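*Asks:* One structure coming up, written as structure tokens, with questions to follow.
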Amino acid sequence: MRLTAEGLAARRGEDLLFSDISFDLGAGEGLILTGRNGSGKSTLLRVIAGLLRAERGAVTWHSSGDGPIRAGEACHYLGHRNAMKAELSVEENLGFWKSFFGDFKGGTGISAAEAADRVGLGGITHLPFGYLSAGQQRRMAFAKLLVSYRPVWILDEPTAALDARAEATFADLIREHLGRGGILLAATHQPLGLEGMRELRMTGFAGVAGEFGA
Amino acid sequence: MMSLLLRDLKLSVRAGGGALIGVLFFMTVVAVIPFGVGPDLNLLSRIGPAIVWIGALLAALLGLDRLFQTERDDGSLDLILMQEHPLVLTVLVKCVAHWVANSLPLVVASPLLGLFMNMSEVAIGAVAVTLLVGTPALTFIGAVGAAVAVSLPRGGLLVSILVLPLAIPVLIFGVSASYAAVEDPAPFMPPFLILLAITMFFAVLGPLGAALALRNASD
Amino acid sequence: MTQSLAITKFSDLANPTYFLNLSGRILPWLGCLTAVLFAAGLYLSFTTEGDYQQGETVRIMYVHVPAAWLSMMCYSVMALSAIGTLVWRHPLADVSHKAAAPLGAAFTLIALATGSLWGKPMWGTWWVWDARLTSVFVLFLMYLGLIALNRAMDDPSKAARVSAVLILVGFVNIPIIKFSVEWWNTLHQPASVVRLDGPTIDPEFLIPLLVMAFAFTFLFFTLHLMAMRNEIWRRRVTAQRRMAARMASREN
């Protein structure tokens, strides 16, 4: 299992946010992106998830036996927004994503109730998602990563708006994921309390892009 | 895929869902026409099929901008785009759910409005059948407009402007089939079958176009 | 002194728990009264002789006229509640007009449907754009709009205030709508449509009609109280669920 990025470059508007970023992550490895606002952390994560087209370069996923495939399919992506419907109950939300995601080969997800339990909110899955507080909603969004198996977790500011205890819960879950051979890519301001992560410091603005650039 | 269909249907009937509003809009639009043209029953029964069809067309377009917009607003669209399910199929399922929740009630309500328009039983039946066959095409065409306008903050009106010209053939054949059922010399089947063909054509083209637009619109 | 007592009583009623208790005691009596009135009214309606001109179809009137009268009374009740919402911020007023809207829509629908059934043999068509029918239809659309508005909003107290404004604007507008619809109608067709209630109505018809009108009115109040109780309970359930969500994080 390897996630490989080669010579990535992406832009926002006409600005080239970064160029020539390469990395290679194997089982159990994690990469933390740091840098100030607007340095392109979110953009890089979205490029890796396949949501944005890279200006140059490619991200690929290799697993034993098969050829390289589009990396996005092996990834869970937790963006700024929670991707949960306020009108549906937590159980309906998690259940939908569980069946819509399916499991990537090599693992299985846990049930919605168990996942809620793991993020410390067991017993309230029957409530509409909209009734939960912002912190609880974020935790339930995190529980979405547990209901179906993906080897790669891409987390964009996962602990924004969370208290210290929830942060610790997340760190535990991430450690467990890495321990089972998962791969982590995360952008954060706060340290997640994880050891042995590689760090990529984004500086932002790598020049003006494109055909009309200098 | 089944879970997506069920989820979308659930969302449409929960609080804030647009299913009721579409039918209400349909009824209101059709009901104000007589105030414009006068309560002459003969005139109303003559223009009835066209009025009901135009009302249904506008009502079907009404909720379309929310088709992908709500998914984008809460970030679900990102996750849907990442999956290995063919995106075309996902869009198709979303269209079907949207049609069942929003357009099928219009078809059900149309006989009632036919009565208000003093239409004959045959005309009422013909309008209901042509709406049943024709409204899916509106949803499929509308999906392209909704996908193109997904990232715009005020896409609602724009979607209508984009989609209405494309929906003209549906209106033409829907209305002419309805009239053909009532007026004797014109045969019913040819325009009806063309309508059916248009629907099946857009059932393929609409999701393809919408999927393509969604892939390119993500930011 | 008496006035202040009245105010205390009134604000006691604002307490939903007190309201639930009181309405719980009143409801069985109200329900019985409604049932008795309906039994009497229906008996009278079916034993009076049919009109020589309209035959048996005249009996539709005994349902149609009370329903039409209630469709208007219900809107008045809603308008009063709307004033209660906006002026006194009375929590029960919110509940009252929200609970009344579906009832009003239902009675209006009954009036429209029976009018249409009655019209088929009279006019030979299910629907004519007669001024009176049309006004009732516009009222029906207003009810549906209010229901849709209430459904579309999450926060019940905000929804109540906004729909109270709409109810009052609509209430002021009703005479204008009525007047313009009549204007529109006479402009287009000379008044030739048979009116349901002529100036002279035989006492033989009048008595069952009055009994039925009372029966419908009491039915409305019974249903309205029940709907209000449901709404209060619904809001309590919502509050409890929100509470449950808050408690869940505290425990852990």
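Read-outs throughout are calculated quantities, based only on the coordinates presented, and are distinct from any laboratory measurement. This one's a predicted model, so the numbers in the text were calculated from it and none came from an experiment. Cβ sites come from the backbone with ideal geometry, for glycine too, and all protein chains shown count toward neighbours.
*Asks:* Taking segment B:166-213 as the search range and keeping residues that are assigned to a loop (DSSP other than H, G, I, E, B) and without any contact (Cβ under 8 Å) to a residue 12 or more places away in the chain, which one is surrounded by the fewest Cβ atoms within 10 Å (Cβ to Cβ)?
*Replies:* B:P185
*Asks:* Right, next: Go through segment A:162-183 and count every residue that is within 13 Å of another protein chain (Cβ to nearest Cβ) and closer than 17 Å to A:Q137 by Cβ.
*Replies:* Of the residues in segment A:162-183, 5 are within 13 Å of another protein chain (Cβ to nearest Cβ) and closer than 17 Å to A:Q137 by Cβ.
*Asks:* Something else: From C:K98, C:K120, grab the single residue that is part of a helix (DSSP H, G or I) and within 20 Å of the chain's Cα centre (by Cα).
*Replies:* Within the list C:K98, C:K120, the selection yields C:K98.
*Asks:* Looking at (1) surrounded by 20 or more Cβ atoms within 10 Å (Cβ to Cβ); (2) in contact with a strand residue (DSSP E or B) (Cβ under 6 Å, 6 or more places away or on another chain), which is the only condition A:H126 fails?
*Replies:* (1)
*Asks:* With (1) closer than 23 Å to C:R236 by Cβ; (2) within 11 Å of chain B (Cβ to nearest Cβ); (3) basic (K, R) as the list, and C:K120 as the residue in question, which single condition is left unmet?
*Replies:* Every condition holds for C:K120 apart from (1).
*Asks:* While we're on this one: Find the residue count for segment B:1-35, including only residues that are closer than 27 Å to C:S180 by Cα, β-branched (V, I, T) and more than 8 Å from every other protein chain (Cβ to nearest Cβ).
*Replies:* Qualifying residue count, segment B:1-35: 5.
*Asks:* Let me ask something else about it. How about segment C:126-144: which of its residues are surrounded by 18 or more Cβ atoms within 10 Å (Cβ to Cβ) and within 7 Å of chain B (Cβ to nearest Cβ)?
*Replies:* C:W127, C:V128, C:W129, C:F137, C:L144
*Asks:* Same structure, new question: What about A:G130, is it within 12 Å of chain B (Cβ to nearest Cβ) and touching a His at 6+ places or on another chain (Cβ under 9 Å)?
*Replies:* No; evaluated as a whole, the condition is false for this residue.
*Asks:* Now for a different question. Go through segment B:43-60 and give me each residue that's without any contact (Cβ under 8 Å) to a residue 40 or more places away in the chain and within 11 Å of another protein chain (Cβ to nearest Cβ).
*Replies:* B:L43
*Asks:* Which one of these is closer than 15 Å to B:L62 by Cα and of a type outside the set (K, R): B:L158, B:L196, B:L166?
*Replies:* Result of the check over B:L158, B:L196, B:L166: B:L158.
*Asks:* Test A:A112 against the stated conditions and say whether it is touching a residue at least 12 places away in the same chain (Cβ under 8 Å), within 13 Å of another protein chain (Cβ to nearest Cβ) and under 14 Å from the mean Cα position of the chain (by Cα).
*Replies:* Spelling it out, it is not the case that A:A112 is touching a residue at least 12 places away in the same chain (Cβ under 8 Å), within 13 Å of another protein chain (Cβ to nearest Cβ) and under 14 Å from the mean Cα position of the chain (by Cα).
*Asks:* Is it fair to say B:G38 is of a type in the set (G, A, S), facing another protein chain (nearest Cβ under 7 Å), out of contact with any Cys (no Cβ under 8 Å at 6 or more places or on another chain) and under 19 Å from B:G55 (Cα atoms)?
*Replies:* yes
*Asks:* Taking segment A:37-80 on its own, how many of its residues are outside any helix (DSSP H, G or I), facing another protein chain (nearest Cβ under 10 Å), buried (at least 17 other Cβ atoms within 10 Å of the Cβ) and without any contact (Cβ under 8 Å) to a residue 60 or more places away in the chain?
*Replies:* First pass over segment A:37-80, keeping only residues outside any helix (DSSP H, G or I): A:37-40, A:49-70, A:75-80.
So of that shortlist, the ones also facing another protein chain (nearest Cβ under 10 Å) come out as A:49-53, A:69-70, A:75-80.
Remaining after also requiring buried (at least 17 other Cβ atoms within 10 Å of the Cβ): A:49-52, A:75-79.
Then drop every residue that is not without any contact (Cβ under 8 Å) to a residue 60 or more places away in the chain, which leaves A:50-52.
The total comes to 3.
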